[in-house]
1. What is the set of long-range amide H partners of Val37 at a cut-off below 5 Å, with H atoms built 1.01 Å from backbone N?
2. Where a ≥ b ≥ c are the square roots of the eigenvalues of the C-alpha gyration tensor, would you call the range 3-135 rounded, which needs a/c under 1.5, or, failing that, prolate if a/b is larger than b/c, or oblate?
3. Quick one: grab the alpha carbon gyration tensor of the range 33-99, order the square roots of its eigenvalues as a ≥ b ≥ c, and give me rounded if a/c is under 1.5, else prolate or oblate depending on whether a/b is larger than b/c.
4. Quick check: net charge around Val72, other residues with Cβ under 10 Å of its Cβ, Lys/Arg +1 and Asp/Glu -1?
5. For the modelled label position 7 Å from the Cα of Thr12 along Cα-to-Cβ, which residues of the range 43-76 have backbone nitrogen atoms closer than 13 Å?
6. Modelled label-to-label distance, Thr120 and Leu30, 7 Å Cα→beta-carbon offset: nm?
7. For Glu105, enumerate residues with amide H under 5 Å from its amide H, sequence gap 5+ or separate chain, H modeled in the peptide plane.
8. Taking +1 at the Cβ of each Lys and Arg and -1 at the Cβ of each Asp and Glu, which of Gly111, Leu6, Asn29 sits farthest along the dipole of the range 3-135 towards its positive end, judged by Cα position relative to the Cα centre?
Amino acid sequence: MKVKDLMTRNVTIASTDSSIAEVAQSMKNLDVGSIPVCDNSKNVVGIVTDRDIVLRSVAEGSNVKDTKAQTVMSTQIVSVSPDTDVHEAADIMAKQQIRRLPVVENGKLVGIVAIGDFATQNIYVNEAGDALSDISKPDGSQMR
């Protein structure tokens with residue numbers, strides 16, 4: 001099975017100028033934990049996660065209405081193509097310790113696949129669990 005068979009196609013995006021209050025509102029409305037950030041040509045330039053908002057804005061005392069997505073977004077994007085095998089995508093998520101992968105074709109965002117998407121298919125429940133287990137492993141830098 002390919003990523004294109006599981007991915008969400010209608011992805012809400014933010015621009016670099018979107019306020020993180022707007023991004024957070026989109027996350028709440030969609031019940032998601034991340035929003036890709038794209039330029040005017042739909043090229044992915046970053047991704048804002050709920051964690052990014054908390055650690056890079058709220059914890060710093062920033063005004064969420066004035067802080068822009070470009071200020072808090074992660075810019076080292078790991079993505080896959082629609083034709084990537086789901087086993088490979090799950091492996092990438094586990095190795096990179098990420099829960100969501102933008103799906104990009106010809107440089108443009110065409111979807112997003114999340115670890116939960118694998119779990120919705122009975123044949124991939126074990127892989128989703130294995131990937132989530134790897135994603136959730138501490139990297140050793142946390143305080144003990």
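Any read-out appearing in this document is the output of simple, stated calculations on the displayed coordinates, not a laboratory observation. Worth saying up front: this structure is predicted, and the values here are computed from it rather than measured. With ideal geometry, Cβ positions are generated from the backbone for all residues, glycine too; neighbour counts draw on all protein chains shown.
1. Ala14, Val45, Gly46, Ile47, Val48
2. Cα axes put the range 3-135 in the prolate bin.
3. Numbers: a/c = 3.66, a/b = 1.74, b/c = 2.10.
Here the range 33-99 falls in the oblate category.
4. +1
5. 50
6. 1.4
7. Sorted by chain and number, the residues that satisfy this are Val110.
8. Asn29
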